[in-house]
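Working notes, beginning with the structure itself.
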Amino acid sequence: MLNIFLFSFLKQKWLFQTIKDLEQISGKAQLDALDSNDEFKEKAKAIIAIRDQHYKDEVSALKKHDDYRKEFLGNVSHELKTPIFNVQGYLHSLIDGGIDDKNVNEYYLRKASDSLDRLISIVEDLESISEVEDPHYEPNYRIFSLHDLIFSVVDTCQLQAKEKNIELNISSSADDGIFVRADREKIRQVLTNLIINSIKYGHQNGQTIIKSKVLNEKVLVQVSDNGIGIDKEHLARLFERFYRVDRSRSREIGGTGLGLAIVKHIIEAHSQSISVSSDLNVGTTFSFTLEYSKN
Ligand code: ADP
């Protein structure tokens with residue numbers, strides 16, 4: 001048995017070395033010159049074809065990666081440019097005399113400050129995305145009450161909801177609470193993002209419902225609103241970085257276009273899944289799963 005294995009190993013080694021030598025002398029032409037019935041020639045050709053395909057795949061993966069990086073850098077600089085130029089514009093107007101004009105000085109300062117707030121939220125979102133996109137990122141797993149977390153997040157979103165008179169309702173299939181095993185702070189970020197989005201893209205006097213239930217040893221969480229909804233053609237790209245359905249509307253209401261990309265990365269880092277369903281002018285539902293813990 002050992003002899004057979006050794007023989008096959010040596011034969012393979014010899015084959016690889018021979019192909020290398022042949023290629024160095026005159027490339028594939030040398031192989032083609034061999035007798036077409038030669039088993040060796042067929043094997044060598046097959047191996048070279050596999051290797052060539054491997055190189056091709058590697059080159060195309062590198063190119064894809066490079067395109068992705070270029071697109072991301074382009075998007076980042078584009079997003080940063082607007083608030084930076086705004087701050088510059090307001091400061092120059094103040095320096096050029098606006099500072100002494102009581103009608104505009106405070107307005108310009110407020111506008112500059114708003115643009116700086118925007119810059120900060122873009123940088124914070126970029127930090128979040130690079131943290132969860134890192135292949136070494138590991139969720140800080142804890143067992144905690146999902147209900148307590150939902151209540152706490154809803155509480156912090158109430159002020160923003162009241163501005164549009166949107167009702168935030170919690171509904172659960174388990175009265176005694178559901179426990180999950182996850183990174184509590186990261187799931188807080190997920191829920192906050194989804195609930196704030198339901199308010200941002202919700203109608204005045206609208207409603208958001210946060211539902212949770214145990215399903216097949218997992219917990220299903222759903223955040224539904226009766227807001228503006230999303231056209232079907234956008235749904236497939238919604239979780240991409242910087243993807244927005246309506247760019248100017250999103251910027252106007254302080255969106256960075258990174259929220260859903262962060263949410264998706266967090267959920268996938270937990271080996272769970274997230275999906276969206278929506279009907280234009282009817283509403284949107286985001287559903288994600290979490291690991292159920294029996295406590
Ligand atoms: P943004 O910072 O622009 O809100 P997100 O990544 O959070 O970025 O969302 C991406 C886009 O998805 C938004 O620009 C918006 O068009 C759309 N969107 C997200 N949530 C909702 C929602 N609940 N209802 C309607 N549209 C939404």
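By the compact-protein rule of thumb, 2.2 N^0.38 Å, the alpha-carbon radius of gyration of region 142-293 corresponds to a ratio of 0.99.
Give me the accessible area per residue for the chain, probe 1.4 Å, as a whole number in Å².
I get 62 Å² per residue for the chain.
As a length-normalised measure over Cα pairs under 8 Å and 6 or more apart, the relative contact order of the chain settles at 15 percent. One Cα centroid belongs to region 278-295, the other to region 186-216; the line between them spans 8 Å. Take every Cα pair under 8 Å in region 215-295 that's 6+ residues apart, average their separations, divide by the length, and report that relative contact order as a whole percent. That works out to 47 percent. Please enumerate, by chain and number, the lysines with C-alpha under 18 Å from the C-alpha of Lys45, excluding those fewer than 8 residues away in the same chain. Partners found: Lys11, Lys13, Lys20, Lys28, Lys56. Overall, the accessible surface of the chain at a probe of 1.4 angstrom is composed of carbon and sulfur to the extent of 53 percent.
As an exercise, find the ratio Rg/Rh for the chain from alpha-carbon atoms, using the Kirkwood inverse-distance average for Rh. Ratio of gyration radius to Kirkwood radius for the chain: 1.19.
Just need the relative contact order of region 142-293 here, percent rounded to a whole number, with Cα pairs under 8 Å and 6+ apart.
Details: 288 pairs, mean separation 40.2, N = 152.
So the answer I get is 26 percent.
For the residue pairs Lys102/Lys200; Lys102/Lys162; Lys63/Lys264; Lys70/Lys218; Lys63/Lys218, the alpha carbons lie more than 29 Å apart in Lys102/Lys200; Lys102/Lys162; Lys70/Lys218; Lys63/Lys218. Packing, taken as the mean count of other beta carbons within 10 Å per residue, orders the peptides 53-64, 70-81 from highest to lowest as 70-81, 53-64. Once you order the gyration tensor axes a ≥ b ≥ c over the Cα atoms, which shape class does region 161-243 get: rounded for a/c under 1.5, otherwise prolate or oblate by comparing a/b with b/c? Judged from the Cα gyration tensor, region 161-243 comes out oblate (a/c at least 1.5, b/c at or above a/b). When each of the peptides 133-143, 86-96, 256-266, 204-214 is scored by how many other beta carbons lie within 10 Å of its residues on average, the order from highest to lowest is 256-266, 204-214, 86-96, 133-143.
The values are calculated or read from the model by the stated rules, or taken from the named source; none is laboratory data. What you are looking at is a predicted structure, and each value in this text was computed from that prediction instead of being measured. Here the Cβ is made from the backbone with ideal geometry for all residues, glycine too, and neighbour counts use every protein chain on show. Accessible surface areas use protein heavy atoms only, side chains included; no ligands, DNA or RNA. Shrake-Rupley method; radii C 1.70, N 1.55, O 1.52, S 1.80 Å.
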